[in-house]
1. Within region 225-239, work out how many residues are polar (S, T, N, Q), closer than 17 Å to SER22 by Cα and surrounded by fewer than 21 Cβ atoms within 10 Å (Cβ to Cβ).
2. Checking the conditions here, which among GLU85, GLU115, GLU111 is surrounded by 19 or more Cβ atoms within 10 Å (Cβ to Cβ) and not aliphatic (A, V, I, L, M)?
3. Tell me, yes or no, whether region 16-24 has at least one residue that is at pLDDT below 90, touching a His at 6+ places or on another chain (Cβ under 7 Å) and either of a type in the set (A, V, I, L, M) or under 23 Å from ASP255 (Cα atoms) (or both).
4. Right, VAL129: closer than 14 Å to LEU176 by Cβ, crowded, with 16+ Cβ neighbours inside 10 Å and of a type in the set (Val, Ile, Thr) or not?
5. Filter region 71-90 down to the residues that are assigned to a loop (DSSP other than H, G, I, E, B) and at pLDDT 95 or above, then identify the one that is farthest from LEU26 (Cα to Cα).
6. Filter region 102-125 for residues that are assigned to a loop (DSSP other than H, G, I, E, B) and among the charged types (D, E, K, R); which is nearest to the chain's Cα centre (by Cα)?
7. Taking the options ALA146, ALA138, ALA99, name whichever one is among the hydrophobic types (A, V, I, L, M, F, W, C), in contact (Cβ under 8 Å) with a residue 24 or more places away in the chain and either exposed (fewer than 14 other Cβ atoms within 10 Å of the Cβ) or under 30 Å from HIS31 (Cβ atoms) (or both).
8. Taking only region 171-185 into account, find how many residues are at pLDDT 75 or above and surrounded by 13 or more Cβ atoms within 10 Å (Cβ to Cβ).
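The values are calculated or read from the model by the stated rules, or taken from the named source; none is laboratory data. Please read all numbers here as calculations on a predicted model, not as lab measurements. Cβ sites come from the backbone with ideal geometry, for glycine too, and all protein chains shown count toward neighbours.
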Amino acid sequence: MAGPDEFVESSTTEEQLTEDNSFQNLSLSPHDVLKKAPRTTCTGTCGKKRRYYCAECLVPLLPTLEQFPSVELPVQIHILQSYAEVPQRSTAQHVALLAPDYAHIWRPFPECVPEFEQRVTKGAKTGTVALLFPGDEALSPEQAVAQLPNLEHVIVLDASWTKSTVLLCEPIFKELPRLTLPAGARSRFWRYAPKRSEQSEFFSPDKVESLVSTVEAVHRFCEAYNIALGKSSGLCDNLLWLFAFLHGRVKNVYDNAPQKRRRLMSKSKGMLDHL
């Protein structure tokens, strides 16, 4: 999958861009500042030219940091990013960029496990740490509020479905309670699961709509968890601020390139018909 820069390097002009209404029901900050953002040198350690943000250094690259929305989450989110995931292609970086006080990325997983254990799970009280991953005994956000009243940390795996089922064998997850996502709208992600993912128990026609990207998963859980706590809806919507903007860029690229769209739809076996 291409990085965010590649979706704005096409010949599509600002005047040709159509409005993307896929996220009209969310309370998102305006995207005007992103539309005008130039490529700029990362102010982090890499020193590379980027647009919008640096996925490696997790640094926003807009004129002022205040132009990036800052989201408050109901729990601390710990994203364990697989060694195989490319930061520039992952939506996990969106979570850390938009909720820097509440979200942390640990990579590469599983090599990062010893440090993660030392700083997060070692000595943690029972019921304060849980894993967001489906399972027969996984708790819904509503059940988590009732059964895990002291929940503080939620672990999220950033990996393909095939890799995640292997990574689950890590001893760190053995005793942790699991959480599951509430039913929701189909994923808007522009990546599709590769053919080998069809071998996973989670990849089947009746479960396809549960295959969401990392940022969508975190948003969906936090939104439902907040509501279960009695808070207002929409408090976490800006987690999808970057995602929604890039979705619109991708949609415009393929709407203006019919041949490219046909090839993509053929390879995705209908998984991207919503794009």
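1. Step one: of region 225-239, the residues polar (S, T, N, Q) are 226, 232-233, 238.
Pick out the ones that are also closer than 17 Å to SER22 by Cα and you get 238.
Cutting the leftovers down to surrounded by fewer than 21 Cβ atoms within 10 Å (Cβ to Cβ) gives us none.
Residues in region 225-239 being polar (S, T, N, Q), closer than 17 Å to SER22 by Cα and surrounded by fewer than 21 Cβ atoms within 10 Å (Cβ to Cβ): 0 in total.
2. GLU85
3. The answer is yes; a qualifying residue exists.
4. Numbers: closer than 14 Å to LEU176 by Cβ: yes; crowded, with 16+ Cβ neighbours inside 10 Å: yes; of a type in the set (Val, Ile, Thr): yes.
In short, yes.
5. Here the answer is VAL75.
6. Here is the first cut: in region 102-125, the ones assigned to a loop (DSSP other than H, G, I, E, B) are 102, 110-112, 122-125.
Cutting the leftovers down to among the charged types (D, E, K, R) gives us 111, 122, 125.
Working: GLU111: 21, LYS122: 26, LYS125: 27 Å.
My answer is GLU111.
7. Only one candidate qualifies: ALA99.
8. 9
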